[in-house]
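Questions regarding the structure given below will be posed in turn.
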Amino acid sequence: MITSPGRSGAAPAHPTGRMIAAAGWHPWRPAHLHVMVRAEGHRQLTTQLYFAGGARVDDDVARATKPELILRPVADGEGGLVQRYDFVLERA
């Protein structure tokens, strides 16, 4: 459920939203990228990547953030940011 630009959480009327409310948790997730990586002869990898210093990175209701999934982009010298991230796929 998108509640405003850049903010999403579990819908209060949805069973997950009711469970989160009953537990006294906030319903928000940190900003993240959904990534699906495929290569012939390898198992598909689906994951999420997060941004260091972002809101809720240390307080994800889904408990899905891990240090190895947190991006730390650096200045590229041209006014933008750049990040390298290596994915390792298992052979099928």
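Picking from TYR85, TYR50, HIS26, whose Cα lies most toward the positive end of the charge dipole for the chain (charges on Cβ: Lys, Arg +1; Asp, Glu -1)?
Positive-end residue among those listed: HIS26.
Could you give the size of the charge dipole of the chain about its Cα centre, using +1 on the Cβ of each K and R and -1 on the Cβ of each D and E, expressed in debye and rounded to the nearest 20?
That gives a dipole near 340 debye.
Give, as a single signed number, the net charge of other residues whose beta carbon lies under 13 Å from the beta carbon of ARG63, with Lys and Arg counted +1 and Asp and Glu -1.
Its environment carries a net charge of 0.
Taking 2.2 N^0.38 Å as the expected size of a compact globular protein, what ratio does the Cα radius of gyration of the chain give against it, to two decimals?
1.33
I would also like to ask the following. At 1.4 Å probe size, what's the solvent-accessible area of HIS32? Round to the nearest 10 Å².
About 50 Å², ignoring ligands and nucleic acids.
Please give, to one decimal in nm, the separation of the simple spin-label points placed at ALA39 and ARG18, each 7 Å out from Cα toward the Cβ.
4.6
Still on this structure, I have one more. At R0 = 25 Å, how high is the FRET efficiency between TRP25 and LEU81 if r is their beta carbon distance? Nearest 0.05 is fine.
Step by step, r from the Cβ atoms, then E = 0.20.
The values are calculated or read from the model by the stated rules, or taken from the named source; none is laboratory data. No experiment lies behind these values; they were computed from the predicted model shown. Reconstructed Cβ throughout: ideal geometry from the backbone, glycine too, with neighbour counts over all protein chains shown. Please note that ligands, DNA and RNA were not included when accessible areas were found on the heavy atoms of the full protein model with its side chains. Shrake-Rupley method; radii C 1.70, N 1.55, O 1.52, S 1.80 Å.
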